[in-house]
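Quick note: the coordinates plus some simple rules give every number you see, no bench work behind them. Just so we're clear, the structure is a prediction, and the values are computed from it rather than from any experiment. Positions of Cβ are backbone-derived with ideal geometry, glycine not excepted, and every protein chain shown enters the neighbour counts.
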Amino acid sequence: MVLKTQRLEIRYIESDDWKNLIEIWKDFNQSEYSKYDIPHSLDEAEVREKTKRWAEVSPCKEHMFFAVCHQEEMIGYIDFHKDNDGYECGYCFHGKFHGMGYAKESMRALLEWLSRDGSKQFAAGTALNNLPSVRLLDSLGFRKIREEKVSFYKDGNGEDIYFNGGVFVMECTGGKCKWHCHYSECT
């Protein structure tokens, strides 16, 4: 499966993408927003195994992992996990490609592609302090439906360190989401 937008190529993750994932996660782990996400291992063997599993399950549509490529370079990934009539989604892009609209362009294409198969709802979670992620979801037509306390880390005493997270949802009908575009027409 390959989708092409104005500037990007989106395809299922392949086993050989493990090196790209390590680079993306190295960059992410240094970001101010890493404290709001599950820690990503940089161990080569673990990343190879995870990437292999992602590549194997993606075509089945229960759990899908997509490489987002710009000029043949993998710049990020997007994942979708089946949930009733829709999907929960997540994303991570290398920092040097932030602020260029690549996440929005690739998410739009994938959301439209999945909505054509009958998916009616998409959900995403992000830290409310992760303003770039909140703005991305808002620009795509997601709306915040609730807030929750989330923890991925513990302090020196073994106590959870909490942050305020938001759950965001987008509804799609008739194979179309809010923006009514086609892959190559998304901007």
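Over all pairs of different C-alpha atoms, region 67-149 has a mean inverse distance whose reciprocal, the Kirkwood radius, equals 13.5 Å. By the count of neighbouring beta-carbon atoms within 10 Å, fewest first, R48, R108 end up ordered R48, R108. Dividing the helix sum by the residues of the chain, where each DSSP H run of 4 or more adds -39500 (n - 2.57), gives a mean residue ellipticity at 222 nm of -8500 deg cm²/dmol. When the chain is treated as a Gaussian network with alpha carbon springs shorter than 10 Å, the biggest mean-square fluctuation among M100, M74, M170 belongs to M100. Largest GNM mean-square fluctuation across N29, N20, N84, computed for the chain with C-alpha springs under 10 Å, falls on N84. Annotation: amide H-H contacts under 5 Å for G76 (H modelled 1.01 Å from N, sequence separation of 5 or more, or interchain): V68, H94. Think of region 1-123 as a dipole: +1 on every Lys or Arg Cβ, -1 on every Asp or Glu Cβ, centred on the Cα centre; then among Y87, A123, Q6, Q6 lies furthest on the positive end. Across the chain, the relative contact order, built from alpha-carbon pairs under 8 Å that are at least six residues apart, equals 22 percent. Legend: Rg and Dmax of region 2-185, from Cα coordinates, 16.2, 52 Å.
Per-residue Cβ neighbour counts within 10 Å put R116, R11, R146 in the sequence R146, R116, R11, beginning with the fewest.
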